[in-house]
Amino acid sequence: MEEMLFYDRMQFAFTITFHYLFPQLTMGLSLIIVYFKWKYLKTQNEQYNHATHFWMRIFALNFAMGVVTGIPMEFQFGTNWAKFSELTGGIIGQTLAMEGMFSFFLESSFLGLFLFGEKLLGHKWHFVTGLLICIGSWASGFLIIATHSWMQNPVGYEILENGKFVLNNFQALFLNPWLWPSYLHNQAASLVTSSFVVAGIGAFYILSKKNVVFGKLFLKTGVIFGLISSMIVAVPTGDLLAKNVVKYQPVTFAAMEGIFHTEKEGSEIVLIGQPDVKDKKLDNKIAVPNILSFLTYGSWHEEIKGLDQFEEEVHPTNISGLYYAYHIMVGLGTLFIGLMVCALFQLIRGKLFETKWILWSLLFMMPFPYIANTTGWYTAELGRQPWLVYNLLRTAEGASPTVSSGNTLFTLLGFIGLYLLLGMLFLLLIGKIINKGPHNEALTENK
């Protein structure tokens, strides 16, 4: 059973990690595209309209990849996680169906109009279709996060005699205290990814002396959006989400922060350290006393429960993985803020486009928001273990008993090979779009 559960989890982890590389860009990028189109309507500057077309091509390719890689996950609910679907389908099936019927079709329907209907619709209605794509994209994220939030903090439900979960309060599903901080945190993180990609490609154009006018526009836009979104990820959304973890999943918070033993006079915040789960300690740690208590409760000496206050059977099943995922996410988020502050400072001084170290840093940092988003989701999912529905349904109880570990491993290897090919094709096509650049030779210097 343990081997079967391991491969079930590995397959879902691999497919959803690969899948989320694409929606995390499209959700944030849709807002930036709407901004470019709005600026065109306001200024009638063709540069903004060509920027809209350029980024819409990248959006469309990411959207297509997201659809292709998202479908297998839906099937896994019926194959690898049939028992989970049977028991909780009355609740999670509603939000997932709404995501497919309303959000996805809203987004996909207007995508075609936005890509090919500008002349037919005119610029104002073209802007409206872009706005609807953005709304559909963000609504899709909301409904997925609503499902996730119910699994983290189940509300508005009852359990029937046959063990099935049913929803008895539809309103509670969308007023879940876990939902809104998670959703806003996730969307801001998506905008961070998009901003770094926009700024990174802008830096690439400036450094390569190709499409320099557009490079400056992309760099300026990416830096402004990037700083705002990076700050929102930290405060207030990240702060509120962490406080939710303290309130509803205190054992998870202890594991995230590496608190093995309760400290009565306030908890330190660990900057660096390696968890030794066997001996219940952190090796080689560098920590600042009492800061964690202040950030969590606003008091320097407030007690935060350690793992020693909870039964081992409810501890997260991978404490080391959870600890590292959380600290990588937080560390990168701090780095993003610092880099964007430096970039904005140089932008205000009028020297950003000549500051090579910032341009190279933004270009080099393009992949790192993807890593931060991925480790953020790993933190949420590893933190919930050993539960599928927190404190109600264990992960082992939701797996399909009739699907062998051999079958799951076989399909996992198939997914790895297929997604490797898809990833290479995606990078090839994205590279061609970036190399070709926006269509506006009149505005392009040193092409």
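Only one residue of 115, 10, 96 has its Cα farthest out toward the positive end of the dipole of the range 1-123, where Lys and Arg carry +1 and Asp and Glu -1 on Cβ, and that residue is 115. A crude spin-label estimate for the pair residue 345 and residue 301, with each label 7 Å from Cα along the Cβ direction, gives 3.7 nm. Kirkwood hydrodynamic radius computed over the range 367-447 comes to 17.4 Å, based on all pairs of distinct alpha carbons. Counting only lysines at least 8 places from residue 37 when in the same chain, those with an alpha carbon closer than 19 Å to its own are 119, 124, 216, 220. Two numbers describe the Cα atoms of the range 89-229: Rg and Dmax, which are 20.0, 69 Å.
The residues of the range 382-431 expose on average 51 square angstrom of accessible surface per residue, using a 1.4 Å probe on protein heavy atoms. In summary, the lysines within cross-link reach of residue 164, defined as a Cα separation below 25 angstrom excluding same-chain residues under 8 places away, comprise 83.
Per residue, how much accessible area does the range 200-252 have with a 1.4 Å probe, in Å²? Intermediate values should be presented prior to the final figure.
Numbers: 1900 Å² over 53 residues.
Value for the range 200-252: 36 Å² per residue.
Hey, what did the range 226-359 get for relative contact order, percent, Cα under 8 Å, at least 6 apart? Across the range 226-359, relative contact order equals 26 percent. Whenever you get a sec, compute what percent of the accessible area on the chain sits on carbon and sulfur atoms (1.4 Å probe). Taking all protein chains in place, the chain shows 67 percent carbon and sulfur surface. Which aspartates and glutamates have a Cα lying under 20 Å from the Cα of residue 356, excluding residues fewer than 8 positions away in the same chain? Cα-Cα hits under 20 Å: 445. When you count the other C-beta atoms within 10 angstrom of each residue and take the mean per peptide, 80-88, 193-201 line up highest first as 193-201, 80-88. According to the Kirkwood relation over distinct C-alpha pairs, the hydrodynamic radius of the range 1-53 is 13.8 Å.
Per residue, the range 1-147 exposes 43 Å² of accessible surface when a 1.4 Å probe is rolled over the protein heavy atoms with every protein chain present.
Protection proxy ranking, highest mean first, for peptides 370-376, 401-407: 370-376, 401-407, where packing is the per-residue count of other beta-carbon atoms within 10 Å, averaged. For the range 18-174, the residue among 151, 28, 172 whose Cα projects farthest onto the positive side of the dipole built from Cβ charges is 28.
When only Cα pairs under 8 Å and 6 or more residues apart are kept, what is the percent relative contact order across the range 1-96? It would help to have the intermediate numbers written out before the result.
Working: 50 pairs, mean separation 32.7, N = 96.
34 percent.
What's the angle, to the nearest 10 degrees (0 to 90), between helix 2-19's Cα axis and the longest principal axis of the chain? Helix 2-19 sits roughly 20 degrees off the main axis of the chain. If you wrap the range 1-128 in the convex hull of its Cα atoms and look at it from every side, the mean projected area works out to 8.8 nm². Rounded to the nearest 20 debye, the dipole magnitude of the chain is 2200 debye, with +1 charges on Lys and Arg beta carbons, -1 on Asp and Glu beta carbons, and the Cα centre as origin.
Roughly speaking, what % of Cα-Cα pairs in the range 301-436 are separated by over 17 Å, rounded to a whole number? Counting every Cα pair in the range 301-436, those more than 17 Å apart make up 77 percent.
Kirkwood hydrodynamic radius computed over the chain comes to 23.5 Å, based on all pairs of distinct alpha carbons.
Would you mind computing Rg(Cα) / (2.2 N^0.38 Å) for the range 314-387, counting N as its residues? Show your work: numbers first, answer last.
Working: Rg = 16.6 Å, N = 74, 2.2 N^0.38 = 11.3 Å.
Relative to the 2.2 N^0.38 Å estimate, the range 314-387 comes out at 1.47.
Over the range 227-337, all Cα pairs binned in 10 Å intervals from 0 give whole-percent P(r) values of 14, 47, 33, 5, 0, listed from short to long. Here the extension length gained between residue 402 and residue 360 equals 9.9 nm, from 0.36 nm per residue of separation less the Cα-Cα distance. The order of the peptides 12-19, 166-173, 252-259 by mean Cβ neighbours within 10 Å, most packed first, is 252-259, 12-19, 166-173.
Dipole size in debye (nearest 20) for the range 65-220 around its Cα centre, Lys and Arg Cβ +1, Asp and Glu Cβ -1?
920 debye
Calculated mean residue ellipticity at 222 nm for the chain: -23000 deg cm²/dmol, from DSSP H runs with n ≥ 4 weighted as -39500 (n - 2.57), summed, divided by the residue count and rounded to 500. With a threshold of 18 Å on the Cα-Cα distance, the over-threshold entries among 39/432; 281/305; 247/280; 243/285 are 39/432; 247/280; 243/285. Look at the alpha carbon pairs under 8 Å that are at least 6 residues apart: their mean separation over the length of the chain gives a relative contact order of 21 percent.
The values are calculated or read from the model by the stated rules, or taken from the named source; none is laboratory data. In this text, all values refer to a predicted model and were calculated from it rather than measured experimentally. Every residue, glycine as well, gets a Cβ built from its backbone with ideal geometry; the counts of neighbours run over all protein chains shown. For the accessible areas, the whole protein counts, side chains as well, though only heavy atoms, and no ligand, DNA or RNA atoms are used. Shrake-Rupley method; radii C 1.70, N 1.55, O 1.52, S 1.80 Å.
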